[in-house]
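Only one structure is covered here, and it is reproduced in the block below.
The values are calculated or read from the model by the stated rules, or taken from the named source; none is laboratory data. None of the values given here were measured: they were computed from a predicted structure. We place every Cβ from the backbone using ideal geometry, glycine too, and count neighbours over all the protein chains shown. Protein only, heavy atoms only, side chains kept; ligands, DNA and RNA dropped before computing areas. Shrake-Rupley method; radii C 1.70, N 1.55, O 1.52, S 1.80 Å.
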Amino acid sequence: MNFAAQLLYSSYLSERLQRLFSPRPALKDTEENDPFWQREELQLGPRHPGGPFPFGYMGNGTAGCRPALIEPERLKDFGEEHLLNGDVKVYEMKVAEAPEIKLMEPPKTRRVSVFRTTPKPQYLRFEDISAAAFRIQTGIQKTPCTYSRLSKQYGMEIYLKKEQLHYTGSVKERGVLYLLTCLTQEQQRKGVIVSTDCNFSMAVAHHAVELKIPVFAIMPSSCSSPRLRIYRDYGAMVISYGSTGHDSRNHARHLAKENGYLYLEEDESEAYLAGLGTVGMEIFEQVPKVDAVVLPAAGQYGLLAGTAAAIKHLNSQITVIGVEPEGFPLLLQSLKTDSPVKDVHSNPNKQLYGDLMERSLGVNVFQLTKKLVDKVISVSEEDSLVAMLRFQEFERSTVDTEGAMGLAAILAGQLPELKGRKVVVVVSSANMELALVRQCVDRALVLDDRVSKFSVQLGEWPGDMAKLLDFLSREDVRLLDVCHRTQSDRSDLFKAKVECVVETRDKSQSAQLRRSLSERYPSICWLDR
């Protein structure tokens with residue numbers, strides 16, 4: 001710095017020091033808002049001691065907090081100059097370096113498994129079920145869950161979740177609709193194809209047409225005409241091919257591959273199970289403080305797994321029970337072997353459980369069922385038929401054997417632990433042809449001891465037959481059939497054999513009729529139907 005610059009700098013600094021330490025004049029009213037003194041204070045206040053800027057604090061793009069006034073003894077930090085005998089003494093400014101910061105050594109690396117184990121993702125989450133409930137709420141009606149008149153008869157509060165009231169008569173509409181809405185636009189544009197006459201295929205035919213998705217149904221020639229008419233009424237393109245279900249399935253897969261259709265069959269996809277699980281959400285909402293939920297398992301493994309996932313998430317204390325037929329105990333055998341069983345060596349009634357023979361238990365559904373379902377039991381064919389009869393008499397509704405299995409377990413007395421508790425029974429479906437319904441009702445009346453068949457020997461005297469018929473009318477029974485045969489045995493040349501089929505109100509009347517007829521006709525013989 002030359003002498004002229006030093007002199008100029010010295011006079012400037014002296015003037016500023018004099019203004020700093022001189023008494024501050026009183027401000028006039030017009031000067032109260034003058035920011036002059038504020039500017040002086042802001043310029044003189046350093047942020048840190050030893051700062052290199054003599055004219056005040058400099059921030060990094062933003063204004064810092066207002067600094068404190070500078071004390072006289074700290075002026076040397078700003079390069080103070082003293083006048084000594086006219087000589088100028090200049091203090092050299094030095095920039096102090098920041099202290100060296102020692103970095104800590106990085107921690108020793110460890111495997112992630114030492115600190116935490118990453119949980120495996122759940123196959124079916126409650127978020128998936130709630131998303132399905134939101135998506136299908138406009139296309140699926142919320143089925144009622146009503147109090148049953150059978151409650152007092154069996155000592156528990158029974159509520160029936162009537163899933164058979166869906167448009168196609170099956171709970172599988174829930175899973176099918178959500179499955180179809182999850183398809184890509186390209187898949188929906190090309191269309192879907194089904195090949196088995198079952199509740200799943202009927203639900204696909206109905207909802208695919210509602211969503212403007214082309215749907216093709218490949219059915220074997222063994223499928224009845226009323227069933228084929230149902231598919232056509234829904235709007236599906238029905239093609240009859242082959243004599244067995246195996247032929248129709250192979251042809252459907254071939255058509256799907258050649259034409260770009262999506263072949264659909266009931267499986268354990270996440271979307272399908274989530275749609276079926278919406279039943280559990282509705283049950284929890286409709287029946288407060290429910291203690292147990294009884295569901296059919298055979299042919300409805302997805303319904304059992306999905307509903308159990310929803311119920312256990314909402315309240316883990318609710319008991320979930322699955323019921324399957326004795327003739328096809330696929331889930332029970334799988335639980336015993338701790339792995340899904342592919343084939344069960346049994347021969348169930350094909351007319352009642354023909355749809356079940358095509359079903360298999362997947363690994364994911366088995367794991368969900370094993371984890372979430374508390375109990376699995378089996379019921380006989382006879383118990384299911386009697387349960388169908390109870391539905392017609394007390395609930396004024398017709399269901400199939402799959403839909404009646406939940407109630408059949410209660411009627412058979414296999415759930416004594418539910419006495420006095422609030423129980424929801426899921427009625428899954430009601431798709432059975434009328435001719436088969438009639439046969440089931442007739443058989444159920446016999447199993448319930450309400451239809452009896454007997455034979456008596458009467459003499460050929462005039463009026464013997466009329467006396468028997470008069471006796472039956474006084475006992476207030478309904479005569480269903482009567483057959484009069486003349487004996488061909490030489491020892492009974494003057495005897496006639498009469499066979500009668502009668503219907504009573506209940507078991508007590510049937511027992512009373514047996515006692516009365518046995519006393520009046522010692523030769524009576526009761527025949528099993």
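Miscellaneous remarks
- Cross-linked pairs K161/K312; K161/K350; K257/K342: Cα-Cα separations exceed 23 Å for K161/K350; K257/K342.
- Residue-normalised accessible area of region 171-263, expressed per residue, 1.4 Å probe, Å²: 45
- Sulfur and carbon atoms: percent of accessible area, region 450-526 [1.4 Å]: 48
- Translational diffusion coefficient of region 450-526 (Stokes-Einstein, Kirkwood radius from Cα pairs, 20 °C, 1.002 mPa s): 166 µm²/s.
- Between region 371-419 and region 320-339, the C-alpha centres lie 16 angstrom from each other.
- A Förster radius of 41 Å combined with the Cβ-Cβ distance from A511 to N259 puts the calculated FRET efficiency at roughly 0.05.
- Computed E for F134/K419 - FRET, C-beta separation, R0 41 angstrom, nearest 0.05: 0.65
- With a simple spin-label model that places each label point 7 Å from the Cα along the Cα-to-Cβ direction, the separation between D338 and L479 comes to 6.5 nm.
- A crude spin-label estimate for the pair S224 and K350, with each label 7 Å from Cα along the Cβ direction, gives 1.6 nm.
- Tensor-based shape of region 171-263 (alpha-carbon gyration tensor, a/c under 1.5 rounded, otherwise prolate or oblate): oblate
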